[in-house]
1. Hey, among the residues in the range 16-35 that are open to solvent by 20 Å² or more (accessible area, probe 1.4 Å) and either of a type in the set (A, V, I, L, M) or at pLDDT below 90 (or both), which one's farthest from Asn82 (Cα to Cα)?
2. Which condition number does Ala65 fail, the rest of (1) open to solvent by less than 10 Å² (accessible area, probe 1.4 Å); (2) over 13 Å from the mean Cα position of the chain (by Cα); (3) under 19 Å from Val108 (Cα atoms) being met?
3. From Asp166, Asp189, which residue is in contact with an Asp or Glu (Cβ under 9 Å, 6 or more places away or on another chain) and of a type in the set (D, E, K, R)?
4. Output the residues belonging to the range 72-108 that are open to solvent by less than 20 Å² (accessible area, probe 1.4 Å), farther than 21 Å from Thr172 by Cα and assigned to a loop (DSSP other than H, G, I, E, B).
5. Please tell me if Asp163 is surrounded by fewer than 17 Cβ atoms within 10 Å (Cβ to Cβ) and farther than 25 Å from Tyr99 by Cα.
6. Which residues, taken from the range 170-192, are open to solvent by 70 Å² or more (accessible area, probe 1.4 Å) and in contact (Cβ under 8 Å) with a residue 60 or more places away in the chain?
7. Given (1) in a helix (DSSP H, G or I); (2) within 20 Å of Asn126 (Cβ to Cβ); (3) β-branched (Val, Ile, Thr), identify the lone condition not met by Ile234.
8. Would you tally the residues in the range 50-63 being farther than 15 Å from Lys88 by Cα and in contact with a helix residue (DSSP H, G or I) (Cβ under 7 Å, 6 or more places away or on another chain)?
Amino acid sequence: MRILFFVSFIPFFSFGQLSPKVDKLYQQLSKSERAEGKNISMDGHESELYKLHLELGKIATDKEAEYIAFNGKPVAKYYAANILFDRKSESLEKLFKYYLRNRDSVRVLEGCISGVSGLGDEIYLNVISEKQIIDQAEWEKKWKDSMIANKKQNTPEYLNLVDMLDTETNWTHKEIDSLVYKFDQTILDNQESSQSIVELIAGFNEYEKIKLPYYQKLIYFEKKYNSKVIRKYIEYCSN
């Protein structure tokens with residue numbers, strides 16, 4: 001009886017290291033059975049859950065975000081991992097390996113599409129998706145600089161668009177490419193890696209017309225999972 005009493009209070013003492021404001025947001029996020037993207041449902045309204053995660057990102061310290069990402073409930077882990085990615089946290093690789101090892105998963109709603117996804121898969125998706133965000137941020141900056149250089153910052157064209165072109169990122173292409181390489185090696189060197197995350201590697205690189213120099217590491221997984229997605233990419237790289 002004494003042992004059961006002690007065990008029941010472990011979560012209380014563990015999460016007691018979070019500040020009251022952070023803990024309140026953590027508890028609110030943990031109540032949800034699914035994570036949500038910024039815009040959801042048919043009308044594309046902004047998710048209240050997503051807004052809570054933005055609040056968490058403003059006040060949580062790196063240590064608090066890390067603690068939630070490693071020890072929280074699935075939805076809170078999902079959002080804490082996103083926060084750490086945005087901050088370029090040094091713990092990101094360790095977290096990625098942890099999620100792959102433990103096969104943690106979460107239900108995610110993006111727009112009208114809902115499905116269960118591995119938390120490791122979600123981190124990998126964040127990384128490869130960041131390339132497009134970097135490109136968009138660079139294009140917006142060039143456009144603004146060009147308009148200012150041509151003294152068009154007071155024109156209707158500039159004024160109507162400038163506030164909408166607010167894409168931001170802390171990452172560079174070189175940093176993302178380096179992280180993708182490290183993640184790929186972590187995935188492909190582990191024979192227990194899931195079919196879904198290996199197919200992410202194959203599907204993304206075929207779509208981007210990238211022939212990975214280490215594509216032959218995919219052969220083991222193609223045979224293990226009898227995956228058409230992986231097989232198609234191997235054939236693409238072989239030609």
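1. Gly16
2. Only one criterion is unmet by Ala65, namely (3).
3. Values: Asp189 fails: in contact with an Asp or Glu (Cβ under 9 Å, 6 or more places away or on another chain).
After applying the criteria, what remains is Asp166.
4. Once the filter is applied, which keeps residues that are open to solvent by less than 20 Å² (accessible area, probe 1.4 Å), farther than 21 Å from Thr172 by Cα and assigned to a loop (DSSP other than H, G, I, E, B), the range 72-108 yields only Gly72.
5. On the way: surrounded by fewer than 17 Cβ atoms within 10 Å (Cβ to Cβ): yes; farther than 25 Å from Tyr99 by Cα: yes.
Taking the combined requirement at face value, the residue satisfies it.
6. Narrowing the range 170-192 to residues open to solvent by 70 Å² or more (accessible area, probe 1.4 Å): 170, 174, 177, 181-182, 189, 191-192.
Of everything in the range 170-192, those that are open to solvent by 70 Å² or more (accessible area, probe 1.4 Å) and in contact (Cβ under 8 Å) with a residue 60 or more places away in the chain turn out to be Asn170, Lys182.
7. Result: Ile234 passes all but (2).
8. Number satisfying all stated conditions: 5.
The values are calculated or read from the model by the stated rules, or taken from the named source; none is laboratory data. Computed from a predicted structure; not experimentally measured. Ideal geometry is used to build each Cβ from the backbone, glycine not excepted, and the neighbour counts take in all protein chains shown. Note: areas computed on protein heavy atoms with side chains; ligands, DNA, RNA excluded. Shrake-Rupley method; radii C 1.70, N 1.55, O 1.52, S 1.80 Å.
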